[in-house]
Each structure stands twice: as structure tokens, then as C-alpha cells.
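The values are calculated or read from the model by the stated rules, or taken from the named source; none is laboratory data. These figures come from a predicted structure and were not determined experimentally. Heads up, the Cβs are rebuilt from the backbone with ideal geometry, glycines too, and the neighbour counts pull from every protein chain shown. Protein only, heavy atoms only, side chains kept; ligands, DNA and RNA dropped before computing areas. Shrake-Rupley method; radii C 1.70, N 1.55, O 1.52, S 1.80 Å.
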Amino acid sequence: AMSANLQRFYGLSFSGGQVGHVSVFALAPISLLVHLGAQLSTKVTTDFYQRHRDTSDWKWKTGPGRLKFVSSLRKKGTDPTKVALIVSVSGQISPKDLPKTVLKNHYLYEIAAGPRAPQTDLLKTRADLERFRQTYEEWQGHLARAHQGRVRTVELFAAVPAPIAMALGWARLPEGAPALRVYENGTDGFKLGLEVK
């Protein structure tokens, strides 16, 4: 239903022209935010926003920001077709907390923010978000090369603010991007939220 509604939205005409810019203000579980991002058109200029805890508004701070994002291989797996990705920005996800089925034979990658430890209000500027997108796209390129395009699904564990969750769906590379199986962290550990194709 979300996909059909967005297709109708992009087809709307405003003052004689099509939709040329979209601003997204979203609050939802991470799996739904990733799904929403995947449904948004990359052919239309799209800005993601978040509600900032310190000011209770949705305005990005000015300036270049301070965050750097680094991708790394945390654990080499036994099956090159099986990959999991941890994204640690608003919280730190420990590999030991992942489902045993993932820890058994998956290659485990992480994209983490620095230089500060993960915290809920770490993402402050639009430039910080853009640096995340660049790092994520570079990681996807590395994944395709290192695993020879054989990965069909990535198990995704993310502790991230809403704009980064949406970017995880929106900024997937267009050629043969793996599906994302997005997990939610509850009181009894990680459970599959939904699969984003």
C-alpha cells in the first residue's frame, strides 16, 4: 500500500509541474523507516529530517558537522553469500547480541560513527548525514566486489536516528542491491522486523 500511495504522490501535478522536491519528517520503528526510504524515488531531490532532542525542533544545525563514518569487517564468515551489517550511531550494537544463526557463518560488517561514542543525539547536521550516505554507498561497492555479487540478502541491525534509517533504504545502489532483512531490538533480543527488497 505504501508503494502504491507513493507512486500516486510522485505522479501528482502541482502548479503544472511534477513533484520536484520531497522533505521527509518521520518517526517510526527502524524497519518501517528503512522500508519508507526504499520506496522514495532517488530521481527526486529528497531531504530527511529528524527531531532534535536538545531543541525539540526539526531544523538541522548549521555547519559541516563533526562525524566521520567508518566501515569495517568485524568477523570473517564461512559462507561468502551470507552477510550481516551492524550500523552503530545512536547506540552501540554488540556482535554477541546478534542471533546465533547470524553469528554462526555470516560475514559481519559494521558502519560506525566517530570520533564520539554512539549516542541518541549524535547526528546534528545535513553534512553528517551526507557523509553517512557516502560511506554506506562505498561499503555497498566493497560488498559487491569482495563477495563477487553473490550476496542476495543482508541481515541489518541498526541503532540509528530516523534519517539514517531512511537512508539505508533510499541509498541502496541501483544495480542488484541485496534485500535488507531489518531486525528490531526488543526486550528479548533481536527479532526480524521486515524484509526490504
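Of the residues 85, 27, 98, 108, which is more than 17 Å from residue 136 (Cβ to Cβ), modelled with pLDDT of 95 or more and of a type outside the set (Phe, Trp, Tyr)? First the steps, then the outcome.
Working: 85 fails: more than 17 Å from residue 136 (Cβ to Cβ); 27 fails: modelled with pLDDT of 95 or more; 108 fails: more than 17 Å from residue 136 (Cβ to Cβ).
Exactly one of 85, 27, 98, 108 is more than 17 Å from residue 136 (Cβ to Cβ), modelled with pLDDT of 95 or more and of a type outside the set (Phe, Trp, Tyr), namely 98.
Being in contact with a Ser or Thr (Cβ under 6 Å, 6 or more places away or on another chain) and of a type outside the set (Val, Ile, Thr) is the filter here; which residues of region 143-180 pass it?
Those that are in contact with a Ser or Thr (Cβ under 6 Å, 6 or more places away or on another chain) and of a type outside the set (Val, Ile, Thr): 150, 159, 161, 178, 179.
Out of curiosity, is residue 191 assigned to a strand (DSSP E or B) and exposed (fewer than 14 other Cβ atoms within 10 Å of the Cβ)?
Working: assigned to a strand (DSSP E or B): yes; exposed (fewer than 14 other Cβ atoms within 10 Å of the Cβ): yes.
The answer is yes for residue 191.
Can you tell me which residue is most open to solvent (accessible area, probe 1.4 Å) among those in region 119-158 that are part of a loop (DSSP other than H, G, I, E, B) and over 22 Å from residue 58 (Cα atoms)?
As a first pass, look at region 119-158 and keep what is part of a loop (DSSP other than H, G, I, E, B): 119-124, 147-152.
Filter once more, keeping what is over 22 Å from residue 58 (Cα atoms): 147-152.
Details: 147: 7, 148: 142, 149: 39, 150: 114, 151: 10, 152: 160 Å².
It comes out as 152.
Looking at (1) under 18 Å from residue 84 (Cβ atoms); (2) among the hydroxyl-bearing types (Ser, Thr, Tyr); (3) within 16 Å of the chain's Cα centre (by Cα), can you tell me which one residue 120 breaks?
Among (1) under 18 Å from residue 84 (Cβ atoms); (2) among the hydroxyl-bearing types (Ser, Thr, Tyr); (3) within 16 Å of the chain's Cα centre (by Cα), residue 120 violates only (1).
Quick check, is residue 41 open to solvent by 20 Å² or more (accessible area, probe 1.4 Å) and part of a strand (DSSP E or B)? Steps first, please.
Numbers: open to solvent by 20 Å² or more (accessible area, probe 1.4 Å): yes; part of a strand (DSSP E or B): no.
No, not satisfied.
Quick one: which residue in 42, 55, 46 is modelled with pLDDT under 90 and under 16 Å from the mean Cα position of the chain (by Cα)? So that I can check it myself, show each step before the final result.
On the way: 55 fails: under 16 Å from the mean Cα position of the chain (by Cα); 46 fails: modelled with pLDDT under 90.
On inspection, the qualifying residue turns out to be 42.
Restricting the search to region 175-188, which residues are modelled with pLDDT of 95 or more and part of a loop (DSSP other than H, G, I, E, B)? Break it down stepwise before answering.
Going residue by residue through region 175-188, those that are modelled with pLDDT of 95 or more are 178-184.
Passing the criteria: only 178.
Within region 90-104, is there a residue that is buried (at least 22 other Cβ atoms within 10 Å of the Cβ), in contact (Cβ under 8 Å) with a residue 40 or more places away in the chain and under 15 Å from the mean Cα position of the chain (by Cα)?
No, region 90-104 contains no residue that is buried (at least 22 other Cβ atoms within 10 Å of the Cβ), in contact (Cβ under 8 Å) with a residue 40 or more places away in the chain and under 15 Å from the mean Cα position of the chain (by Cα).
For (1) open to solvent by 30 Å² or more (accessible area, probe 1.4 Å); (2) out of contact with any Cys (no Cβ under 9 Å at 6 or more places or on another chain); (3) over 11 Å from residue 166 (Cβ atoms), each residue gets a yes or a no:
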site: 24; (1), (2), (3): no, yes, no
site: 32; (1), (2), (3): yes, yes, no
site: 35; (1), (2), (3): yes, yes, no
site: 45; (1), (2), (3): yes, yes, yes
site: 58; (1), (2), (3): yes, yes, yes
site: 67; (1), (2), (3): no, yes, yes
site: 70; (1), (2), (3): yes, yes, yes
